[in-house]
Protein chains: 2
Amino acid sequence: MRVELNPTHDPSRRSWVGSANAAGADFPIQNLPFGLFRTKQQPVGSPPRGGVALGDQIIDLAGIVGELNGAAADAARAAIGPSLAPLMARPPAAVSHLRAALSDLYREGADAPRAAARAALLPSSAVELVLPARPPSFADFCSSIDHIRRMAAGTGRPVAACANHLPVSYNGRASSVAITGTPVVRPRGQFEARPGGGEVRYGPEPRLDYELELGVWLRGGNRLGQTLSVAEAEAMMFGCSLVNDWSARGIQAFEMMLGPHLGKSFLTTVSPWIVTMEALAPFRVAARGREQGEPAVPDHLHDADDRAHGAIRIELTARLSTAAGHSQRIARSGFEDMFWTFAQMVAHQASSGAPLEAGDLLGSGTVSGPADDARACLAELTERGGNPIVFDDGSRRVWLEDGDSVAIRGRAHAPNAVPIGFGECVGRILAAVST
Amino acid sequence: MRVELNPTHDPSRRSWVGSANAAGADFPIQNLPFGLFRTKQQPVGSPPRGGVALGDQIIDLAGIVGELNGAAADAARAAIGPSLAPLMARPPAAVSHLRAALSDLYREGADAPRAAARAALLPSSAVELVLPARPPSFADFCSSIDHIRRMAAGTGRPVAACANHLPVSYNGRASSVAITGTPVVRPRGQFEARPGGGEVRYGPEPRLDYELELGVWLRGGNRLGQTLSVAEAEAMMFGCSLVNDWSARGIQAFEMMLGPHLGKSFLTTVSPWIVTMEALAPFRVAARGREQGEPAVPDHLHDADDRAHGAIRIELTARLSTAAGHSQRIARSGFEDMFWTFAQMVAHQASSGAPLEAGDLLGSGTVSGPADDARACLAELTERGGNPIVFDDGSRRVWLEDGDSVAIRGRAHAPNAVPIGFGECVGRILAAVST
């Protein structure tokens, strides 16, 4: 992997869309992430179309395509909807041309036809954002060694040997990957009334949790029976979104003979914008090394060049807000602390020969870190419910209650780069449906 | 669930396609299963189209649709290809009308226009069969308590408590579901050189196994956050195929912190024909009850009516053939011995609220039974490699070797019914690809 910077990364570039230049903006002109939207005038269920976030505006790609040509126009047409998977499958150079053209059209001092560019803008408040693609498959990894160690510590069992040798993963349900804001209906299922007590009940999950993650969307992958090197895997990555892998800990703990299943399948929330790997280039840093006593990365997952730039420096936070109106940050961690890189996860996922496909989504697993506040799920933070969070108003939480909402945010940052964000990945807990 | 018989089930009905009447035929006129095919004259990669197996012939639905009308014609048009998912999503009555119309056109003594019916026939030998649908999702269950007990016995650990309370499952990879005959490339991965020995290697899987299963294809399912009763789940079942869930036992044993993943993802082979639930109606029998010491079926998975007809009486066999030409049956079991019914598996899969969709495929898990020869994978049969199979020619197997092939067959049978089959589900092991 080479990290290549180009004029779209220029930190001195500003946009004539003023909100894009605000300090703390998620979507400065250096970001230009892709999403799908419907205007509020469009009939419900009508096909969504592709857009690019810029400050508090959305560039309607169908509205700007006439100002583009060549590969950039071709890429914009691939984002016509109702899925961004065709855009993801375009050659990276075409997507890069599109982003460069948009950067030129919307930058301060641009001499492009501003009337057409302005006409293609819609205020974010006027649109409904839609899931960028129904992933053909969703797999969720468990790539934070800090998360794994804390979760194992709670059980009294040692860390599984495999966690030191490979990026542990399970296949999830692509059908329940949903966009930010989708209600989180508390699932029903079977669990032990008291963990380990042996009394099995069926009912609404009592130990509802969240997991702060980052996800990567793929451009394509491997053919059946073939594999990907780490470098090839890196080249298959289109971009990233925030992910909340909601977890029903009671159901999960009881059912886990063959891994998590219903306890992790009821909903996976993603943020609406896909921040391209190109936009993330300025934030690439060396991957976490191996410490004394940790096995070396196996050869087939080792790539010295990827190792040098394999990680991405992103600060991730989670905030819990209660129905009573209290709100508190409950986690802050860094994606650069992960034990495995996304490229290693993609290469591992391909390594058995099962095809990866355009639009596939891989979750990183809970992004925890060594710090005490870098415990990025409630099971870690409350030590499996034994140690409540106490809010400023005196209320307590061990697990999520009906009416609570969890909002995840992310911010890639680096010296000499304009920080970029992802938008919000939020979900509010609704009571279990009656049966 | 009601088991309704109609004239298509009439055991006295014979076809004017002589091969359909042969003793032992998989596809008598009572079966009429759906599949996808390309003629050998069609260009490679051209869209496949829908067909129905009858003896050694295939009814080309595009060729017969002009002889049909109403719901039957509508169902035939939904099978135009390149996927049978639209056919699966049609109302069951439409599919039933189509099967009834075909049964009338092809039965002995039919006064329908035989010229058109004859013109729509293609010899099976002239076509290439194609996967009926790319399932939006594939999940694999573990619903034989005999399989679970034998597999646990090998580890010295007790059977997981959940296995008595719910149909254990994991989500698999839909992208590596492939049709019979697809080469089984031995996967590479990480495993312990000696199980439990701690020395981790990366290389071709040394403990390659098969699992004899039945799969059910779904007509549709539930919406996000909603569930299905067992009766609703039964009504969502379109039909069944044979499934071989190839398993890399070394990779699987090492990686299973969060369940099977790469050890089960490299290939899942299915037989080419989907035998409809309607065709299977004469073979429905009472589901296996619960014995002394086994917990009752939980209320949300209990349905007395389904219980009375929940199982399907199907004899399943697996045959191993070596490159040297020796061939031996290695398993024979009955699908009626499963601990959970397909309807219970579907209801369980929907019970967290994750959507099931038209074309989804659920595997039953290894169909083992109490008898010694009803051990339907090599891990059970050879006691995890400790007790080799000895062939008639003196050669031995503990795991599958390059050049071996495994063929699964199934036969639904009942008194006063014409038995029906599924075709073959076969795969031959190829050496791992070089890296």
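The values are calculated or read from the model by the stated rules, or taken from the named source; none is laboratory data. This is a predicted model, so every value here is computed, not measured. When we count neighbours, we look across all protein chains shown, and the Cβ atoms used for this are built from the backbone with ideal geometry, even at glycine. The protein model used for the area step is the full one, side chains on, heavy atoms only, and it has no ligands, DNA or RNA in it. Shrake-Rupley method; radii C 1.70, N 1.55, O 1.52, S 1.80 Å.
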In whole angstrom, the spacing between the Cα centers of the range A:403-426 and the range A:294-312 equals 26
So B:Arg118 and B:Ser19, fully extended at 0.36 nm per residue minus their Cα-Cα distance, gain in nm 34.2 nm
Per-selection Rg to Rh, the range B:116-168 - Cα, Kirkwood hydrodynamic radius: 1.37
Give a residue-ordered list of calculated ³J(HN,Hα) values for the range B:135-144 (Karplus: 6.51 cos²θ - 1.76 cosθ + 1.60, θ = phi - 60°; whole Hz; x for Gly, Pro). x, x, 8, 10, 10, 10, 8, 9, 10, 9
Rounded to the nearest 500, what is the protein assembly as shown's calculated 222 nm mean residue ellipticity when only DSSP H runs of at least 4 contribute -39500 (n - 2.57) each, over all residues? -5000 deg cm²/dmol
Kirkwood Rh over alpha-carbon pairs of the range A:183-228 plugged into Stokes-Einstein at 37 °C, 0.692 mPa s gives a D in µm²/s of 222
The ³J(HN,Hα) series, computed from each phi in the range A:354-360 with the Karplus coefficients 6.51, -1.76 and 1.60 at θ = phi - 60°, rounded to the nearest Hz and given as x for glycine or proline, is 6, x, 8, 9, 4, x, 4
Using per-residue counts of other Cβ atoms within 10 Å, averaged over each peptide, order B:190-197, A:204-211 from highest down. A:204-211, B:190-197
Mind jotting down the three principal axis lengths of the range B:282-435 based on Cα atoms? Whole angstrom, largest first. 50, 43, 36
Using r as the Cβ-Cβ distance of B:Asn416 and A:Ala193, and R0 as 45 Å, what FRET efficiency do you calculate, to the nearest 0.05? 0.40
Relative contact order (%) - criterion: Cα under 8 Å, at least six apart; region: the range B:240-341: 23
To the nearest 20 debye, what is the magnitude of the charge dipole of the range A:396-435 about its Cα centre, counting +1 on the Cβ of each Lys and Arg and -1 on the Cβ of each Asp and Glu? 160
Would you mind calculating the relative contact order of the range B:284-435 from Cα pairs under 8 angstrom and at least 6 residues apart, reporting the percent as a whole number? 23
Hey, if you put +1 on the Cβ of every Lys and Arg and -1 on every Asp and Glu Cβ in the protein assembly as shown, which of A:Ala354, B:Pro123, A:Gly189 ends up farthest toward the positive end of that dipole? B:Pro123
Two-site label geometry, B:Asp305 and A:Lys40: point separation in nm, points 7 Å out along Cα→Cβ: 4.6
Work out the charge dipole of chain B with +1 on the Cβ of Lys and Arg and -1 on the Cβ of Asp and Glu about the Cα centre, then indicate which of B:Ala371, B:Gln252, B:Pro415 is farthest towards its positive end. B:Gln252
Any chance you could get the radius of gyration and Dmax over the Cα atoms of the range B:77-154, in Å? 19.6, 61
Placing a label point 7 Å from Cα toward Cβ, how far apart in nm is A:Ser321 from its equivalents in the other copies, listed shortest first to one decimal? 6.5
Put a label point 7 Å from Cα along the Cβ direction on A:Glu291, then list its distances to the equivalent points in the other copies in nm, shortest first. 5.1
Pop out the ³J(HN,Hα) list for the range B:304-317 in order, Karplus 6.51 cos²θ - 1.76 cosθ + 1.60 with θ = phi - 60°, rounded to Hz; leave Gly and Pro as x. 4, 5, 5, 4, 5, 10, x, 8, 10, 7, 9, 7, 10, 9
I'd like to know how the range B:341-393 sits against the 2.2 N^0.38 Å rule of thumb: what's its Cα Rg over that expected value? 1.70
Binning at 10 angstrom from zero up to the longest distance, how are the C-alpha pair distances of the range B:230-283 distributed in percent? 21, 30, 26, 21, 1
For the range B:4-61, with only Lys/Arg (+1) and Asp/Glu (-1) charged at the beta-carbon, what is the dipole magnitude about the Cα centre, in debye rounded to 20? 220
Picking from A:Ser143, A:Gly263, A:Gly24, whose Cα lies most toward the positive end of the charge dipole for chain A (charges on Cβ: Lys, Arg +1; Asp, Glu -1)? A:Gly263
Here, the range A:1-55 modelled as identical Cα point scatterers in vacuum has Debye log10 I(q)/I(0) at q = 0.13, 0.16, 0.19 Å⁻¹ of -0.46, -0.63, -0.76
Could you pull the copy-to-copy label distances for B:Gly196, with points set 7 Å along Cα to Cβ, in nm to one decimal and sorted shortest first? 2.4
For the range A:41-120, one quarter of the surface area of the C-alpha convex hull, expressed in nm², comes to 5.7
Cα→Cβ-extended label distance, 7 Å offset, between A:Asn6 and A:Glu401, nm: 5.2
Which whole-angstrom value gives the distance between the alpha carbon centres of the range A:55-104 and the range A:163-197? 34
Taking the rotation axis that maps chain A onto chain B, which residue of A brings its Cβ closest to that axis, and at what distance in whole Å? A:Gly259, 1
Give me the orientation-averaged projected area of the Cα convex hull of the range B:225-353, in nm², one decimal. 11.1
Separation between the B:Ala231 and B:Ala152 pseudo-spin-labels, each 7 Å from Cα along Cα→Cβ, expressed in nm? 3.3
Given Cα pairs under 8 Å that are at least 6 residues apart, what percent is the relative contact order of chain A? 21
For A:Leu131, what residues show an amide H to amide H distance below 5 Å, using hydrogens built from the backbone and excluding near sequence neighbours? A:Ile179
Take the alpha carbon gyration tensor of the range B:15-165, find the square roots of its eigenvalues, order them as a ≥ b ≥ c, and report rounded if a/c is under 1.5; if not, report prolate when a/b exceeds b/c, else oblate. prolate
Residue-normalised value, i.e. accessible area per residue, for the protein assembly as shown at 1.4 Å probe, in Å², stands at 36
For a bin width of 20 Å, list the pair-distance distribution of the protein assembly as shown built from all Cα-Cα distances, rounded to whole %. 15, 46, 33, 7, 0
Cross-link reach list, lysines versus A:Lys264, counting only Cα pairs under 30 Å and skipping chain neighbours closer than eight places: B:Lys264
Computed for the range B:45-134: size of charge dipole around the Cα centre, +1 on C-beta of each Lys and Arg, -1 on C-beta of each Asp and Glu, debye to nearest 20, value 240
Cα pair distances of chain A binned at 10 Å [whole percent]: 5, 22, 32, 25, 13, 3, 0, 0
How high is the FRET efficiency from B:Ser321 to A:Glu294, r the C-beta distance, R0 30 Å, rounded to 0.05? 0.10
Counting only DSSP beta bridges fully inside the protein assembly as shown, the antiparallel percentage to nearest 5 is 90
